[in-house]
Amino acid sequence: MRHGVMLGGRASHLTVDDYIEQGRSLEALGLDTVWIPHVFGHDAITCAALMGRETTRIELGTAVVPTFPRHPTAIAQQALTTGAACRGRFTLGIGLSHPPVIERMIGLSYARRANHMREYLAVLAPMLRGGSVKYEGEEYRVDMSLDLPGSGPVPLVVAALGDRMLEIAGRETTGTILWMVGFRGLEHHVIPKLRSAAAGRQDPRIVASMHIVLTSNPSAARQRIAEVISQYRLMPSYAAMIEREGSSEPTDFAILGDEKALDAGLERLENLGVTDFNAHLLELEEGGRQRTLEYLASRVQRNGNPA
């Protein structure tokens, strides 16, 4: 299982230079991946391109870029350019986002979202493989190709929580990147349904994103994670995953405690079939974020990955 870190986000206050510097630092620590959220700050694909030019080994990915505001040919062109800038170390993560963002903030329709994603991928996926596209659908009508010297195929993962989205992700993409999915949801919902949809193809990539906190005060960490979970109950797709979990206990959605507890949580994910762990870090104690990073780096080294 690869070990990565979510870098940035709505309240991170990172500048472009900070992204580049932290990308270098995370690569030096030996982490496998950096995932960049695309919310209301810097453009995640552009940040990945800049970080890719200043690093040599670490993989860069987006988690995730909303589909509705961008035509699939536009995001394909940008992603292929970024893949070339990263020298083949870029993975594009996309998702539908949520009704408050797409409808209220941007003013677009969020209706027929499964059909939207199917058509979106019918255009985007072949373009990311370097091919031409001729497609006639209800939402998109495309007949074009791209020519980007020095670029290669860009892997694609989709944020998928519901049955239809898991079917689409398993059938059409490299895999999925997740948020607010607990251990039970992974074992009994996401992983079996994604693998079933991907039958006959290579095993899908499953990126599980969770908070992880190396701490001597797990009760304080649980309280903070409980506050985070309560916020996500306001979004229907996340509320459905919390309901599916059958619990809102913080330790169902996060990995908290000392090194032994963290080892047990990460090993449980790997045994379930998770291919990538995407760490969301919290600074609950002074220096706690850095200690957790160093713990993750030590796991990578123990697994035999190069630092």
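Taking Arg184 as the residue in question, decide whether it is of a type in the set (D, E, K, R) and within 25 Å of Ser230 (Cα to Cα).
Taking the combined requirement at face value, the residue satisfies it.
Where in region 80-197 are there helices (runs of 4 or more DSSP H), lying wholly inside it, with at least 3 residues that are touching a residue at least 12 places away in the same chain (Cβ under 8 Å) and under 19 Å from Pro236 (Cβ atoms)?
Answer list for region 80-197: 113-128, 163-172.
Condition check ((1) acidic (Asp, Glu); (2) surrounded by fewer than 17 Cβ atoms within 10 Å (Cβ to Cβ); (3) at positive phi) across all residues:
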| position | (1), (2), (3) |
| --- | --- |
| His116 | no, no, no |
| Leu121 | no, no, no |
| Leu124 | no, no, no |
| Gly131 | no, yes, no |
| Glu139 | yes, yes, no |
| Asp143 | yes, yes, no |
| Leu146 | no, yes, no |
| Ser151 | no, no, no |
| Val157 | no, no, no |
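Give the residue that is farthest from Asp163 (Cα to Cα), with candidates limited to residues of region 112-125 that are out of contact with any helix residue (DSSP H, G or I) (no Cβ under 9 Å at 6 or more places or on another chain) and not basic (Lys, Arg).
His116
Based on this model, can you work out whether Gly246 counts as surrounded by fewer than 17 Cβ atoms within 10 Å (Cβ to Cβ), on the phi > 0 side of the Ramachandran plot, out of contact with any strand residue (DSSP E or B) (no Cβ under 8 Å at 6 or more places or on another chain) and touching a residue at least 40 places away in the same chain (Cβ under 8 Å)?
yes
Which numbered condition trips up Leu96, out of (1) surrounded by fewer than 21 Cβ atoms within 10 Å (Cβ to Cβ); (2) within 30 Å of Arg244 (Cβ to Cβ); (3) in the same structural domain as Gln22 (by TED's automatic domain parsing)?
Looking at each condition in turn, Leu96 falls short on (1).
Taking Ser230 as meeting all but one of (1) surrounded by fewer than 14 Cβ atoms within 10 Å (Cβ to Cβ); (2) of a type in the set (Gly, Ala, Ser); (3) part of a strand (DSSP E or B), write down the number of the exception.
(3)
Okay, residues lined up against (1) out of contact with any Leu (no Cβ under 7 Å at 6 or more places or on another chain); (2) over 20 Å from Met1 (Cβ atoms); (3) small (Gly, Ala, Ser):
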residue: Leu186; (1), (2), (3): no, no, no
residue: Ser209; (1), (2), (3): no, no, yes
residue: Leu214; (1), (2), (3): no, no, no
residue: Ala221; (1), (2), (3): no, yes, yes
residue: Tyr232; (1), (2), (3): yes, yes, no
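Rundown of residues vs (1) out of contact with any Lys or Arg (no Cβ under 6 Å at 6 or more places or on another chain); (2) of a type in the set (Val, Ile, Thr); (3) outside the structural domain of His38 (by TED's automatic domain parsing), yes/no style:
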| site | (1), (2), (3) |
| --- | --- |
| Leu50 | yes, no, no |
| Thr56 | yes, yes, no |
| Pro69 | yes, no, no |
| Thr82 | yes, yes, no |
| Lys134 | yes, no, no |
| Asp163 | yes, no, yes |
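Quick one: in region 194-226, of everything that is under 22 Å from the mean Cα position of the chain (by Cα) and under 18 Å from Glu259 (Cβ atoms), which residue is surrounded by the fewest Cβ atoms within 10 Å (Cβ to Cβ)?
Result: His211.
Looking at region 29-48, which of the residues that are touching a residue at least 40 places away in the same chain (Cβ under 8 Å) and among the hydrophobic types (A, V, I, L, M, F, W, C) is surrounded by the fewest Cβ atoms within 10 Å (Cβ to Cβ)?
Applying the filter and picking the extreme gives Leu29.
Somewhere in region 1-19, is a residue of a type in the set (D, E, K, R), outside any loop (DSSP other than H, G, I, E, B) and either closer than 27 Å to Ala111 by Cα or in contact (Cβ under 8 Å) with a residue 40 or more places away in the chain (or both)?
yes
Pick from Arg2, Arg70, Arg89: which is under 21 Å from Met127 (Cα atoms), surrounded by fewer than 22 Cβ atoms within 10 Å (Cβ to Cβ) and in contact with a strand residue (DSSP E or B) (Cβ under 7 Å, 6 or more places away or on another chain)?
Residue meeting the stated conditions: Arg89.
The values are calculated or read from the model by the stated rules, or taken from the named source; none is laboratory data. These numbers were taken from a predicted model, which means no experiment stands behind them. Neighbour counts run over all protein chains shown; Cβ positions are idealised from the backbone, glycine included.
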